[in-house]
Amino acid sequence: MKQMRNVRDRIYVSTKGMPTEIKTADQARAAVEKSLKRLNLEKIDFYFVWCVRKVEQYEMAMKKGGLYDGLLKCKEQGLIDHIAISSHLTGEKTSRILEKGEFDGVLMGVNILNFLYRWEGVLRAYEMGLGVLAMNPLAGGAIPEYADQLKFLSGEDENPVEAALRFCISCPQITVALNGFTTREHIDMACRVADNCRPFNPEEIERIKKHIAEKMNSLCTGCGYCLEGCPKKIPIASYMQFYNQKMLFGKSDDEMIESIDLQHNWQLLAERAADAADCSECGRCEEACTQHLNIIERLREIAQWEKKAHKPVR
C-alpha cells in the first residue's frame, strides 16, 4: 500500500469481518482501526460483513450494538465509505436481505455452473443499483480441472475456462469478477477475455440455462419445486446441487465424502434443517421434479456419505 500511495485514488481497498467473530460495535470499531493502522490508510473503501452462510449469521451482525452498528458509526466518521455483505446464501435469501437497503454491495460465489442457484440475488442487487462482486468465477478451480468434461460450456473459438470467465466478466449484472491467479498466463488469459468479450443479454442468459439443461439433463437445475412439499424440510435442491458434482466431474464416493464437510460448513448445506437420512421417501419431491430425477435414490446415497463422514443429524 505504501508503494501504491501515489495512485490511491485509482485503488479500491476492502477488508472484512465475520459476525461470528466481531459481535459488538466496539469490536467492529477496533477491527476497522486495526486494519487502517496495518494498511497505513486513512479510510477503507469497502468493509464486508463477511461469510454469511446462514440467515442467523446475518441477524447476528444486524442486532443492536453489533457488527453492523459499529460499521455504521465508522462510516459516519469517515473511516469507511461503504458497507457490503459477503453472502453464501441462496439467491432468494440474498435477495430478501438486500431488499432491506442496508448494504451498498454484495459479494457472491457465482459462476457459469451454479448461477441458477444464486442468480436471483444477483438480479436483485443489479436492479437496486448495488455493486455485485463474483467470487469463484471458475468454480474454485473445478472448471479448469475438469475442462474436458465441461466442453459443452464453450462457445466459438474459446475453451471452457475462457467461457466461464466471459460469463462473469461480460455480464452487465456483475460489477467485478474476482478471478484468482497462480501464473502470469492466467492473468493474460483473463485480460484477453475481458478485452474481447461482449456482455450477455437476458436472452443469452436464458440460452445458457437451456444449454446446461439440455446437455446435462441428469443435473439438478436448482428450480426448487421439490422443496414445497417435503414434510421433513430437507433442503433437497441443495443436496441435488451437491450431487451434481458427481454427475459433472465423475467424483468417486470417497471424493464426495471428503467434500461433505465443506458443503456442511461453508456452501450449499450450511443452513440445512434436516439431513439426507431424514427422508421419509414419500415421493412428493420426485413428483414435483421438472428434471424427473431419482431424488430418493440420490438422497439415500448422500445419507451414506454423510454417515461415513460422521456428520450428526441436526
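List pairs: first in the range 137-162 and closer than 15 Å to ILE208 by Cα, second aromatic (Phe, Trp, Tyr), Cβ under 9 Å, 6+ apart or cross-chain?
From residues that are closer than 15 Å to ILE208 by Cα, the pairs are LEU150/PHE249; LEU153/PHE167; PRO160/TYR146; PRO160/PHE152.
List every residue pair whose Cβ atoms sit under 9 Å apart, with the two residues 6 or more apart in sequence or on different chains, where the first one lies in the range 281-305 and is in contact (Cβ under 8 Å) with a residue 12 or more places away in the chain and of a type in the set (Val, Ile, Thr) and the second, anywhere, is open to solvent by 40 Å² or more (accessible area, probe 1.4 Å) and assigned to a helix (DSSP H, G or I).
Taking only residues 6 or more apart or on different chains, the pairs are THR290/TYR225; ILE295/GLU286; ILE296/GLU286; ILE302/ALA277.
Okay, residues lined up against (1) under 14 Å from TRP50 (Cβ atoms); (2) open to solvent by 20 Å² or more (accessible area, probe 1.4 Å); (3) among the charged types (D, E, K, R); (4) over 20 Å from the mean Cα position of the chain (by Cα):
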position: LYS63; (1), (2), (3), (4): no, yes, yes, yes
position: LEU71; (1), (2), (3), (4): yes, no, no, yes
position: GLU76; (1), (2), (3), (4): no, yes, yes, yes
position: ALA84; (1), (2), (3), (4): yes, no, no, no
position: GLY109; (1), (2), (3), (4): yes, no, no, no
position: ARG124; (1), (2), (3), (4): no, yes, yes, no
position: LEU138; (1), (2), (3), (4): no, yes, no, no
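Report every pair of residues separated by at least 6 positions or lying on different chains whose Cβ atoms are under 7 Å apart, first residue within the range 109-129 and in a loop (DSSP other than H, G, I, E, B), second modelled with pLDDT of 90 or more and not hydrophobic (A, V, I, L, M, F, W, C).
The qualifying pairs are ASN111/PRO137.
Can you pull out the helices (runs of 4 or more DSSP H) entirely within the range 217-314 that have at least 2 residues that are loosely packed, with under 15 Cβ neighbours inside 10 Å and of a type outside the set (A, V, I, L, M, F, W, C)?
Details: elements: 236-249, 253-265, 284-288, 295-308.
The qualifying helices (runs of 4 or more DSSP H) are 253-265, 295-308.
Kindly check whether there is at least one residue in the range 200-210 that is at pLDDT below 85, open to solvent by less than 70 Å² (accessible area, probe 1.4 Å), outside any helix (DSSP H, G or I) and more than 28 Å from ARG284 (Cβ to Cβ).
yes
When you scan the range 45-57, how many residues do you find that are open to solvent by 10 Å² or more (accessible area, probe 1.4 Å) and either part of a strand (DSSP E or B) or modelled with pLDDT of 95 or more (or both)?
So the answer is 4.
Residues of the range 86-107 being buried (at least 20 other Cβ atoms within 10 Å of the Cβ), in a loop (DSSP other than H, G, I, E, B) and out of contact with any strand residue (DSSP E or B) (no Cβ under 8 Å at 6 or more places or on another chain), which ones?
Matches in the range 86-107: THR90 only.
Filter the range 147-173 for residues that are hydroxyl-bearing (Ser, Thr, Tyr) and surrounded by fewer than 17 Cβ atoms within 10 Å (Cβ to Cβ) and give the result.
Listed by number, the list holds a single entry, SER154.
The values are calculated or read from the model by the stated rules, or taken from the named source; none is laboratory data. If you're wondering where the values come from, they're calculated on a predicted model, not measured in any experiment. With ideal geometry, Cβ positions are generated from the backbone for all residues, glycine too; neighbour counts draw on all protein chains shown. Each accessible area value is taken on the protein alone, full model and side chains, heavy atoms only, with ligands, DNA and RNA left out. Shrake-Rupley method; radii C 1.70, N 1.55, O 1.52, S 1.80 Å.
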